[in-house]
Amino acid sequence: MLGGHEAYAVTPWFWSDQYDWQLQVSGEPALAASSVVRTLGDIGNGAEAGELHFYLDADGRLVGASGCGPTRVVAKELKLARTLVERGARPTAAQLADPGVKLKALLSSAA
């Protein structure tokens with residue numbers, strides 16, 4: 001558009017707020033060879049829990065993320081997950097599944 005020679009590349013992203021719940025999908029989950037689930041929030045009473053789903057290609061690169069749950073539980077984590085997808089991060093499945101591993105910490109090791 002401005003005379004540059006780089007192709008425009010943007011990570012697909014969708015979100016929807018449904019009252020106090022949020023749904024987001026980023027990247028291309030259909031390209032995944034495997035997926036990992038991370039539970040967020042109070043898992044003792046499912047009403048306050050949320051989930052993140054991470055999608056990895058055959059080489060272990062994060063190609064998509066999705067999540068749903070109370071906005072106050074999932075919003076920050078979904079933003080971090082989207083950034084990891086945009087950077088083509090390669091965290092392990094164990095890191096992604098463990099809510100004790102901060103997604104922000106994984107950003108420093110992302111490409």
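The values are calculated or read from the model by the stated rules, or taken from the named source; none is laboratory data. Note that the coordinates shown come from a computational prediction; the quantities given were computed from them, not determined experimentally. Positions of Cβ are backbone-derived with ideal geometry, glycine not excepted, and every protein chain shown enters the neighbour counts. Note: areas computed on protein heavy atoms with side chains; ligands, DNA, RNA excluded. Shrake-Rupley method; radii C 1.70, N 1.55, O 1.52, S 1.80 Å.
Quick one: is GLY88 open to solvent by less than 50 Å² (accessible area, probe 1.4 Å), at pLDDT below 95 and closer than 17 Å to THR11 by Cβ? Criteria met by GLY88. Of everything in region 4-26 that is aliphatic (A, V, I, L, M) and part of a strand (DSSP E or B), the residue that is least open to solvent (accessible area, probe 1.4 Å) is VAL25.
With respect to the conditions (1) open to solvent by less than 50 Å² (accessible area, probe 1.4 Å); (2) among the aromatic types (Phe, Trp, Tyr); (3) modelled with pLDDT under 95, PHE54 lacks only one, and its number is (3).
Does region 37-50 include one or more residues that are within 13 Å of the chain's Cα centre (by Cα), at pLDDT below 95 and aliphatic (A, V, I, L, M)? Checked against the condition, which is being within 13 Å of the chain's Cα centre (by Cα), at pLDDT below 95 and aliphatic (A, V, I, L, M), region 37-50 yields at least one hit.
Every condition in (1) at pLDDT 95 or above; (2) among the hydrophobic types (A, V, I, L, M, F, W, C); (3) more than 12 Å from the chain's Cα centre (by Cα) holds for ALA110 except the one numbered (1).
Residue-wise test of (1) in contact with a Cys (Cβ under 9 Å, 6 or more places away or on another chain); (2) farther than 15 Å from PRO29 by Cβ; (3) open to solvent by 40 Å² or more (accessible area, probe 1.4 Å); (4) not basic (Lys, Arg).
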site: LEU62; (1), (2), (3), (4): no, no, no, yes
site: ARG72; (1), (2), (3), (4): no, yes, yes, no
site: ARG82; (1), (2), (3), (4): no, no, yes, no
site: ASP98; (1), (2), (3), (4): no, yes, yes, yes
